[in-house]
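Undergrad: Once you've had a glance at the structure underneath, I'll fire off some questions.
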Amino acid sequence: MKLKSIFCYLLIFALVLTGCSGGGNNTSNTELKEETGNNEVQSDPVKDSVVFSINAEPSTLDPQKGNDLLTFMVHCQIFDTLIRESSDGTLVPGIAEEWKFSDDGKEIVFKLRNDVKFHNGDQMTADDVVFSFNRAINSTFTKRITGSMDRMEKVDDSNVKLILKYSYGPVLDCIATSNLGIVSQKAVEADEEGFARNPVGTGAFKFVEWSNGEKIVFESFDDYYRGEANIKNLTFKIISDKTSAAVALENGEVDVLLSPAEADRNNLIDNENIKYYETESNSFYFISFNNEEGLFSNKLLREAISYAIDRESLIIGALEGNGAALESAIPTNCFGAPQNFKGNQYDVEKAKALLAEAGYPNGLTVKLPTLYLDPTEVLQDQLRQIGITAEIEQMERGAWLQDVYTDNKYEITVGSYSALVPDADQITYNRYHGDFVGGGNNMVRCNIPELNEALDLARTSQDPEVRKAEYTKVSEIIRDESVLIPLYSSINGIAANKDLKGVQAHPVQRAYVYDYSWQ
Amino acid sequence: MLKFIFKRLMMIIPVILGISFIIFSIMALTPGDPARLMLGENATQEDVEKLREEMGLNDNFVVRYFNYMKDVIRGDFGISYRNRIPVFDEVFARFPNTLVLAFWGISLSVMIGVPIGIISAVKQYSIIDTVSLGVALILTSIPAFWLGLMLILLFSLKLDLLPSTGVETWKHFILPSVTLAAGTMATLIRMTRSTMLEVIRQDYIRTARAKGATENRIIFKHALRNALLPVITIIGINFGFQLGGAMVIETVFAMPGLGTLMITSVRLKDTPMVMASVLFVAIAVSLVNLLVDLLYSYIDPRIKSQYAKS
């Protein structure tokens, strides 16, 4: 009887004991991990490790298959490019010692360094460079970077030639992005799918381990052609909750925090152990109209809205003041952003008059699909001031991309664009050129011949001054036709332990841990 | 009994088929194109179309479902759209974290909630009873994310005793387990108390007292065993629920578990990943339910005889 009772009580807990086998296995795992953790602690006295908090997991470590900013940032540590971005944002020789354009600007010959090695110890060759470029050019993930490129050819063992489809102003910026990072041909061909989780590059850090959803670990590459990094162990820790990440930075669990939450900004700035860096981003938020069909094919109506927007109040209301008003459709950090450009200024009376002129003296009601609730709620209130009732529909990103962005089933929406490289072409050409109407990209559905012409010339001209002048024209046409209303650029922040030197905020959230060192 | 277990195991098959069809339909029929989501705004429509073709998304939904199920039966759950890795690798990598968290969450709540519930019932209307009911009310009302953040602030930031994020050591599981246990504990306190109160008024308890049985024997031998059935149901339901991943807690404590995996995958319309994680959880929950039913039979011989008959 007693035995039976014991058995009975044991069974009561059998439910939780189902976890025992898995739990048991996991215990051994955690013990192993604990040992690793201890090793990390032991290396702390020399302080040569950095734990970098990111709020999502990169999609891949294959540079030719990445297409989001966070993934690019991680790739920057593993892969080198022919031309690299220096800490002040200028372009300097990377794997290529020098380069030369042909007279028509359609060919570039790069002279390669001969002292570059891959993480597996192999010498990097011209064949690897040609392979990497052609792989990127043929990838569906990299078209915004490689769209102007036709192919790369090997000239000899130390020279390669990139052939463009057309002369392209920002081509050097594109070459400096990690999409064109040099990969080991041997490693890719050995296991193409596996490469995404076991990359072999020539960069400052080599891959060690990827624990799904938890962290990605790298160690410094001792044969790096620029010399071994000061930071020997680099861990990207995935902490999706930004408040938890800020606490982890404050208590020293992480050393760097990319993109802290706006709500935590002041706390982090006030913390004497933390240094906060920020810069204006290459992303901007906007009100977009369907210029071709529906209510907003009426230019007066679009114009009325452009005068109803008070950007300063919007930034205070939606971003706690942490944004930069943007009047041209080109973010200020991008090449081609017009200087001292003025958009239509906030003027409620003028907006009301235009609304009446457009045929809506008593106002109107519109559906306002959006991805971003905070700014849209402030905009809703601003539109109410001129008699427009906006019914907000907050959408999931997938649904917005399908219905609004691709199928253009909308009249007015609030969205955002990012320039992957700091050049106006990246954020204007496909967005407003008549060749891209519908099916994504030109979601405003505008086809204005003068605009097309200016975009074409700005894209292909080799004269920077001509390009700048054309982008000013582009901004003016977008403003005068009220094709889209730029609202503000967000601010990119990065917070770090105050003793970690070399940290910088970046307009497209890149970070070069190679430049970091502990004081 | 074995026949009963076998029958129950067989019943999991139609459940899984039904769930797989429902989830696949939802993923396929709700707006959003996985290829566009993967490539982002910057991709041209031609790239999106090319990727759709590569991913086999242009086939009819029913064809895709049958192809998918054919592969599943062969043990191939597919490759994640986003990460391009076999989905089961990802699910298996995360499941231990979820399991450990759920195990400790439930264990803590049982170890604390059930005894408090018993004491509350036995000492009804005493100060202990009032306090424990008050605590239960507070624990039920506190949102998990808030409790989690407060625990982090106290134990991690102020006292520097425990880590706030990650799963590297057993210490990393303490705060999340306590946070997870809080809600279930509150339910268990109230549930144990009320069922115990009901049971101790029964005739057979009075009979036991009349026989001269000790109070401990009456409580633990006669009353508790009869009061446990609904409590076990609650434990089973909660454990099953937590196997599905405690999304909020995983997010706050940066734990790579099934909850965050499912949410991220749903947002990215990563159908293979969503399907694998949901099916995995469905099987785990079905097994837990079966276990709960078996526990009933050991606790209550009447149920056992019913199983034997069936």
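Nothing in this text is a laboratory measurement; each read-out follows from the coordinates by a stated rule. Note that the structure is a prediction, hence the values are computed from the model and not measured. A quick note on method: Cβ atoms are made from the backbone with ideal geometry, for glycine too, and the neighbour counts reach across all protein chains shown.
Undergrad: Sorted from largest down, what three extents in whole angstroms do the Cα atoms of segment A:425-482 have along their principal axes?
TA: 32, 22, 17
Undergrad: Counting only DSSP beta bridges with both residues in chain A, tell me the antiparallel percent, nearest 5. Intermediate results must be reported in sequence, preceding the final value.
TA: Details: 58 of 76 bridges.
If I count the DSSP bridges inside chain A, around 75 percent turn out antiparallel.
Undergrad: How many Cβ atoms of partner chains, on average, are near each residue of B:96-109 if near means within 10 Å of its Cβ?
TA: Going residue by residue through B:96-109 and averaging, the value is 5.
Undergrad: Just to check, using Stokes-Einstein with a Kirkwood Rh over alpha carbon pairs, what's the diffusion coefficient of chain B at 4 °C and 1.567 mPa s in µm²/s?
TA: Details: Rh = 22.4 Å.
D, rounded to a whole number, is 58 µm²/s.
Undergrad: Oh, and also: Antiparallel DSSP bridges in segment A:281-490: what percent, to the nearest 5?
TA: 60 percent
Undergrad: Lys/Arg Cβ at +1, Asp/Glu Cβ at -1, dipole of segment B:96-259 taken about the Cα centre: which of B:Thr140, B:Leu161, B:Val110 is farthest positive-ward?
TA: B:Val110
Undergrad: In nm, to one decimal, how far is the B:Ala28 label point from the A:Glu189 one, both placed 7 Å along Cα→Cβ?
TA: Taking the two extended label points, one gets 4.0 nm.
Undergrad: Given a cut-off of under 8 Å on Cα pairs at least six residues apart, what relative contact order in percent is computed for chain B?
TA: Here the relative contact order equals 26 percent.
Undergrad: Using a simple spin-label model with points 7 Å from Cα along the Cα→Cβ vector, what separation in nm is obtained for A:Gln339 and B:Leu9?
TA: For A:Gln339 paired with B:Leu9, the spin-label model returns 7.9 nm.
Undergrad: Given contacts defined as C-alpha pairs under 8 Å and at least six residues apart, what's the relative contact order of segment A:281-490, whole-number percent?
TA: Relative CO of segment A:281-490 lands at 34 percent.
Undergrad: Past 27 Å, Cα to Cα, is the threshold; run B:Lys171/B:Lys221; A:Lys161/A:Lys186; A:Lys242/A:Lys468; A:Lys65/B:Lys70; A:Lys143/A:Lys498; A:Lys47/A:Lys206 against it and keep the listed order.
TA: B:Lys171/B:Lys221; A:Lys242/A:Lys468; A:Lys65/B:Lys70; A:Lys143/A:Lys498
Undergrad: For the pair B:Asp89 and B:Glu46, how long in nm is the line joining their label points, each one 7 Å along Cα→Cβ?
TA: Label-label distance for B:Asp89 and B:Glu46, simple model: 3.3 nm.
Undergrad: Can you put A:Glu272, A:Glu250 in order of Cβ neighbours within 10 angstrom, beginning with the fewest? Mind dumping the intermediate values first?
TA: Numbers: A:Glu272 6, A:Glu250 21.
Taking fewest neighbouring Cβ atoms as first place, the list is A:Glu272, A:Glu250.
Undergrad: State the answer as a single residue: which of A:Leu379, A:Tyr516, A:Trp400 lies farthest towards the positive end of the charge dipole of the protein assembly as shown, with beta carbon charges of +1 for Lys and Arg and -1 for Asp and Glu, about the Cα centre.
TA: Value computed over the given set: A:Trp400.
Undergrad: Give a quick list of chymotrypsin sites (Phe, Trp or Tyr not before Pro) in segment A:73-110 that DSSP marks as loop, anything other than H, G, I, E or B, with at most 16 other Cβ atoms within 10 Å.
TA: In loop regions of segment A:73-110 (DSSP not H, G, I, E or B), there are no sparsely surrounded chymotrypsin sites (Phe, Trp or Tyr not before Pro).
Undergrad: Calculate the dipole size of segment A:144-240 relative to its Cα centre from +1 charges on Lys and Arg beta carbons and -1 charges on Asp and Glu beta carbons; express the result in debye to the nearest 20. Spell out each step's value before the answer.
TA: Details: 12 positive and 15 negative charges, 72 e Å.
Its charge dipole is roughly 340 debye.
Undergrad: Can you quote the Å³ per residue value for the convex hull of the Cα atoms in the protein assembly as shown, rounded to an integer?
TA: That works out to 196 Å³ per residue.
Undergrad: Let me ask something else. Out of A:Leu295, A:Gln123, B:Ala246, whose Cα points farthest toward the positive end of the dipole of the protein assembly as shown (charges: +1 Lys, Arg; -1 Asp, Glu; placed on Cβ)?
TA: B:Ala246
Undergrad: Report the normalised scattering of segment B:96-259 as log10 I(q)/I(0) at q = 0.10 Å⁻¹, calculated by the Debye formula with identical scatterers on the alpha carbons.
TA: Rounded to two decimals, the profile gives -0.43.
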